[in-house]
Amino acid sequence: MRLILMGPPGAGKGTQAKFVADHFGVPAISTGDIFRANVSQGTPLGVEAKRYMDAGEYVPDEVTNLMVRNRIDEPDAAPGFLLDGYPRTLAQVEELDGMIGHTGHSLDAVVVITADKDELVQRLLARAQTEGRADDTEEVIRRRQEIYLSETEPLIAVYKERGLVHEIDGMGEVEEVTKRIFEALDAVSQS
Ligand code: AP5
Ligand code: MG
């Protein structure tokens with residue numbers, strides 16, 4: 001399976017990615033997590049990415065695309081993968097098409113997790129207390145929401161035209177949401 005998990009900040013991409021990836025036996029690849037690992041290790045990529053992440057802006061496409069290309073080339077991703085938080089721009093969609101097309105495979109599904117705006121903010125502010133992510137401040141959360149709406153939400157229509165989109169209600173218990181995703185994707189993997 002080659003899957004994309006999409007949704008606004010706090011929708012539950014990272015939370016659900018683990019369960020979905022395990023279920024299908026593929027690696028969960030989170031661009032946000034890879035950037036954060038680089039930031040904490042102080043690599044040149046981390047230094048570059050941190051400037052954008054702390055402001056809630058997207059890291060430039062060239063940087064992000066190269067990073068994903070390298071990760072997808074790893075042997076564990078040969079049978080498939082789940083992407084959490086990539087692609088987020090039209091240029092990234094095109095780049096990913098090239099990466100997958102090159103291997104002779106195709107994308108199987110795009111899961112879009114939805115949730116109420118107030119709930120999203122509550123979740124991220126709650127996470128700020130426990131995890132202390134640098135971008136979980138009210139101001140930066142607002143910017144992340146704006147940029148998602150302007151840059152990433154329009155990509156849903158692109159994938160809808162290809163018949164790949166499964167919109168999943170992300171409200172309610174984590175296990176409930178997981179169940180909804182499994183129901184949608186099991187139908188895809190059996191078809
Ligand atoms: P990224 O780390 O991907 O952040 P994000 O998109 O803002 O999303 P989050 O990780 O905050 O939310 P999530 O949907 O994963 O929700 P989670 O499961 O954690 O990206 C960070 C930054 O990296 C970007 O701003 C950008 O700078 C850069 N970046 C990344 N990818 C990029 C790209 N492709 N191009 C350019 N730049 C890129 O859940 C949130 C909280 O809610 C958690 O505490 C969780 O426990 C809780 N929760 C989850 N589900 C539920 C539920 N059902 N009920 C109650 N609580 C729940
Ligand atoms: Mg996440």
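The values are calculated or read from the model by the stated rules, or taken from the named source; none is laboratory data. Nothing here was measured: the structure is a model prediction, and the numbers come from that model. Methodologically, a virtual Cβ is constructed for each residue, glycine included, from the backbone with ideal geometry; neighbour enumeration extends over all protein chains shown.
Key figures
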read-out	value
Exclusive hit being farther than 17 Å from LYS13 by Cα, surrounded by fewer than 18 Cβ atoms within 10 Å (Cβ to Cβ) and among the hydrophobic types (A, V, I, L, M, F, W, C), set ALA134, ALA128	ALA134
Flag for VAL110 being away from ligand 2 (no atom under 15 Å from the Cβ) and surrounded by 20 or more Cβ atoms within 10 Å (Cβ to Cβ)	yes
So LEU45, is it at pLDDT 95 or above, within 16 Å of ligand 2 (Cβ to nearest atom) and either more than 19 Å from LEU5 (Cα to Cα) or crowded, with 16+ Cβ neighbours inside 10 Å (or both)	no
Every residue from region 8-30 that is within 9 Å of ligand 2 (Cβ to nearest atom) and either more than 10 Å from the chain's Cα centre (by Cα) or not basic (Lys, Arg) (or both)	PRO9, GLY10, ALA11, GLY12, GLY14, THR15, ALA17, SER30
Unique residue being of a type outside the set (D, E, K, R), within 15 Å of ligand 2 (Cβ to nearest atom) and touching a Leu at 6+ places or on another chain (Cβ under 8 Å) when the list is LEU83, LEU124	LEU83
Close pairs from region 1-22: first closer than 16 Å to ARG133 by Cβ and near ligand 1 (Cβ under 7 Å from one of its atoms), partner modelled with pLDDT under 95 and outside any helix (DSSP H, G or I), Cβ under 8 Å, at least 6 apart	none
Candidates PRO60, PRO44, filtered to the one that is more than 8 Å from ligand 1 (Cβ to nearest atom) and not aromatic (Phe, Trp, Tyr)	PRO44
The lone exception for GLU139 - which of (1) more than 24 Å from VAL20 (Cα to Cα); (2) crowded, with 18+ Cβ neighbours inside 10 Å it fails	(2)
Which numbered condition GLN92 fails, given (1) of a type outside the set (A, V, I, L, M); (2) more than 19 Å from MET1 (Cα to Cα); (3) surrounded by fewer than 20 Cβ atoms within 10 Å (Cβ to Cβ)	(3)
Filtered residue count, region 137-151, keeping only those that are closer than 21 Å to GLU167 by Cα and out of contact with any helix residue (DSSP H, G or I) (no Cβ under 9 Å at 6 or more places or on another chain)	5
Condition check for PRO27: within 25 Å of LEU125 (Cβ to Cβ) and surrounded by 13 or more Cβ atoms within 10 Å (Cβ to Cβ)	no
Answer from VAL26, VAL20, VAL39, VAL68 - the residue that is over 27 Å from THR178 (Cα atoms) and of a type in the set (A, V, I, L, M, F, W, C)	VAL39
